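Undergrad: This is the structure I want to talk about, given as structure tokens.
The values are calculated or read from the model by the stated rules, or taken from the named source; none is laboratory data. Predicted model only: the values in this text are computed from it and were never measured. Backbone-built Cβ (ideal geometry, glycine too); neighbour counts: all protein chains shown.
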Amino acid sequence: MKNLRTLYLKTMYLKTMYFRLIFTFLTVFSINSFACASTIEGEVTKQETNIFAIAIFFVFALLTLAITWWAARQTNSKEAFYTASGGVSPLQNALAIAGDFMSAATLLGITGLMFFRGYDGYILSFGIIVGWAVMLMIIAERFRNLGRFTFVDVISYRLEGNSVRVLMALCSLVVIVFYLIGQMVGAGKLIQLLFGLDYIYAIIIVSILMVLYVSFGGMIATTWVQMIKAILLLGGGAFISFALLSKFDFSFSKMLEASVNVHPKGQSLLEPGGWLGKDSLNVWTVGLTMCFGIMGLPHILMRFFTVKNAAGARKSVAYATMIMSVFYIFILIIGLGAVALLWGQPEYYDDAGKIIGGSNMVALHTAKALGGDFLFGFMSAVAFATILAVVAGLTLAASAAIAHDLYAVVMKKGLADPKIELRISKISVIVVGIMAVILGIVFETQNIAVVTAFALAIAASVNFPLLLLSMYWRGLTSRGAVIGGGLTFIFTIIIIVLSDSIWVQVLGNETAIFPYVYPTVFTMPVGFILVWLFSVMDRSQKAKLERSRFDAQFVRSETGIGADEASQH
Amino acid sequence: MIELKAAHELDVFKKLVRMRARIIWPLSVFLVLALAGNLYLMSAGSNIGGRLVSENGVITIALAYSLGLIFLGASAAVFYVWWANKYLDPLMEKVCAEISKLGEGA
């Protein structure tokens, strides 16, 4: 006992020293960045250093690190690390789900898209709400009843062998990486605008904070960071929306009229076609991506395991849907209302006639126009909190895919030492942090809403069909899942690479081979068909065994009996 | 595992599955069709979606429809939770009790 106590005290001392170092680093950084912003020449010197923004930024960073410190003391098992030991209440989880999903891509990307392209940008919002409502009814409860740590637990519940788990873990990682790119680019731009700091240093700082949150605080810290962020974001969004509407006698119609009058598109701003050009296939593929993509996002699905049972998951998703519905209405008001406020106002444009900081900064400029430096600083800090909360969730999901799915279940066949698994989870977090920086640099110039949508495309085309079929179709076999899912995954990646966003904008080719923004309208049906085809062709004994397990799985998915044992299969 | 497989044949379990299916599938299909309606309005371009809701205003049919769709999605979520809490959970308890009896019998 005495040795254990000594060891505990030493560990606490080391943790204390570690956090002190981090606090020192942040303090030094704040002073240096302040100095940098005052002296750097070029485009960024046009930004005034916002002391209030910097202050809120560091208050948030310190607060979240304090939460992480508190959470770290409770994160002593893999259950606590991955799922907060199922001890999160439905309302808390709903806020965290909303906090996890209402990303920088939503706040910054969609408002920017609507500001320039008009109504079409809203397609990135309404499909999502429909998707959440459908997910509530057909996925949430069954998912909670069948899995324990990751969504791969659910898909591989009755399927034999490791190949399914390897494939799905790989899909998880690819989805997470794409999603992470969007968040990192948003973070880099935001801090660049706030501090006048080089983009690369900005994303390195985000990466460091993200690694700290997740590696020490696991799901508990991540949940709290996401909850706080959701409340701040809703509060900020509500304030901006009401402030915007107040300028037009609280008339939504008057606000839109003012926007139409100043925008070069005129009335076309509110008509379909401004972004997707009335191209039916383009519209349908984006809409379907938004709706079905969310049903295959590993970091979102993982949140269903943080509540006690299926009823908790059900309530979580319903509350989250309501919260997000309100938020997306704020997004509509901000995105279109910003036009009336900012369009043509010289203080928000650089010498080249482009909006300062790029299209992703429309929401923040709106905050400045409405509430001066105070609101600008507050919303900048909220946007930063948004990014940190989302990247923390993503990183946690990535580490679970690596440590739980690949290491503990595949490599160690479910017999891994929990302490070693936990250690590998934390190492994975660091690797993901480094990777996030590299990818953030490569994708710097992309619109972050578009990059994030790639994640949704893979989730909708591979993860969603497999998840749905595994829960509802007796005929699914591991061979069907691996060959069908694998081919769909490759097909989806190839099409994404051939699309404009990669083939032209990243690889520098003149025209895109695949002319549409997203591939889902092609790849999702292909996913269903291929998995079905290779499953029905499977006549092996293993396939018979897997099909025979369906009835028991179905009863468990409906009732939740034995739910905690699900992933131990 | 054995009692769960046997539970699949229980009348009360079949009733639970039927009851849930009667709500979730029609409602889900309805929501997806409502989404399809919005996508159709956008695909058809300003010919339909771009028409104004009122002559003196600027709000287009597509924009109004999208707002309605968000309201519909949130309402469906509220309805489902209310319905599941009131009707599904009590039946679920019965099913679990029946399955427990099966386990004791085995």
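Undergrad: Within segment A:88-143, can you find the residues that are among the charged types (D, E, K, R) and either facing chain B (nearest Cβ under 10 Å) or more than 19 Å from the chain's Cα centre (by Cα) (or both)?
TA: Listed by number, the residues that qualify are A:R117, A:D120, A:E141, A:R142.
Undergrad: With the requirement that a residue be free of Cβ contacts under 8 Å to residues at least 60 places away in the same chain, more than 14 Å from chain B (Cβ to nearest Cβ) and assigned to a helix (DSSP H, G or I), what does segment A:237-272 give you?
TA: Those that are free of Cβ contacts under 8 Å to residues at least 60 places away in the same chain, more than 14 Å from chain B (Cβ to nearest Cβ) and assigned to a helix (DSSP H, G or I): A:F242, A:S246.
For every residue, the table says whether it meets (1) under 24 Å from the mean Cα position of the chain (by Cα); (2) within 21 Å of A:V286 (Cβ to Cβ); (3) modelled with pLDDT of 90 or more.
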{"position": "A:A460", "(1), (2), (3)": "yes, yes, yes"}
{"position": "A:L476", "(1), (2), (3)": "no, no, yes"}
{"position": "A:I493", "(1), (2), (3)": "yes, yes, no"}
{"position": "A:V497", "(1), (2), (3)": "yes, yes, no"}
{"position": "A:S501", "(1), (2), (3)": "yes, yes, no"}
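Undergrad: Given the conditions (1) surrounded by 14 or more Cβ atoms within 10 Å (Cβ to Cβ); (2) within 19 Å of A:V286 (Cβ to Cβ); (3) not small (G, A, S), report the number of the one that A:P515 does not fulfil.
TA: Every condition holds for A:P515 apart from (1).
Undergrad: A:F143: touching a residue at least 12 places away in the same chain (Cβ under 8 Å), within 29 Å of B:G50 (Cβ to Cβ), out of contact with any Cys (no Cβ under 9 Å at 6 or more places or on another chain) and in a helix (DSSP H, G or I), yes or no?
TA: Values: touching a residue at least 12 places away in the same chain (Cβ under 8 Å): yes; within 29 Å of B:G50 (Cβ to Cβ): no; out of contact with any Cys (no Cβ under 9 Å at 6 or more places or on another chain): yes; in a helix (DSSP H, G or I): yes.
Spelling it out, it is not the case that A:F143 is touching a residue at least 12 places away in the same chain (Cβ under 8 Å), within 29 Å of B:G50 (Cβ to Cβ), out of contact with any Cys (no Cβ under 9 Å at 6 or more places or on another chain) and in a helix (DSSP H, G or I).
Undergrad: May I ask you to verify whether A:L234 is part of a helix (DSSP H, G or I) and either touching a residue at least 24 places away in the same chain (Cβ under 8 Å) or aromatic (F, W, Y) (or both)?
TA: yes
Undergrad: Something else about it: Being in a helix (DSSP H, G or I) and more than 9 Å from every other protein chain (Cβ to nearest Cβ) narrows it down to one residue among A:A340, A:A318; which is it? Lay out the reasoning, then the answer.
TA: Details: A:A318 fails: more than 9 Å from every other protein chain (Cβ to nearest Cβ).
So the residue among A:A340, A:A318 that is in a helix (DSSP H, G or I) and more than 9 Å from every other protein chain (Cβ to nearest Cβ) is A:A340.
Undergrad: Next up: Enumerate the pairs (first residue in segment A:276-289 and more than 8 Å from B:S43 (Cα to Cα) and more than 9 Å from chain B (Cβ to nearest Cβ); second residue anywhere and at pLDDT 85 or above and surrounded by 24 or more Cβ atoms within 10 Å (Cβ to Cβ)) with beta-carbon separation below 8 Å, excluding pairs fewer than 6 apart on the same chain, so at least 6 apart or on different chains.
TA: A:T285/A:P519; A:T285/A:T520; A:T289/A:G127; A:T289/A:A460; A:T289/A:T520
Undergrad: For segment B:42-72, what are the residues that are within 15 Å of A:V260 (Cβ to Cβ), within 8 Å of another protein chain (Cβ to nearest Cβ) and either crowded, with 21+ Cβ neighbours inside 10 Å or not hydroxyl-bearing (S, T, Y) (or both)?
TA: B:G50, B:G57, B:V58, B:I59, B:T60, B:A62, B:L63
Undergrad: Looking at B:E3, is it more than 7 Å from chain A (Cβ to nearest Cβ), in contact with a helix residue (DSSP H, G or I) (Cβ under 8 Å, 6 or more places away or on another chain) and at pLDDT below 95?
TA: Judged against the criteria, B:E3 is a match.
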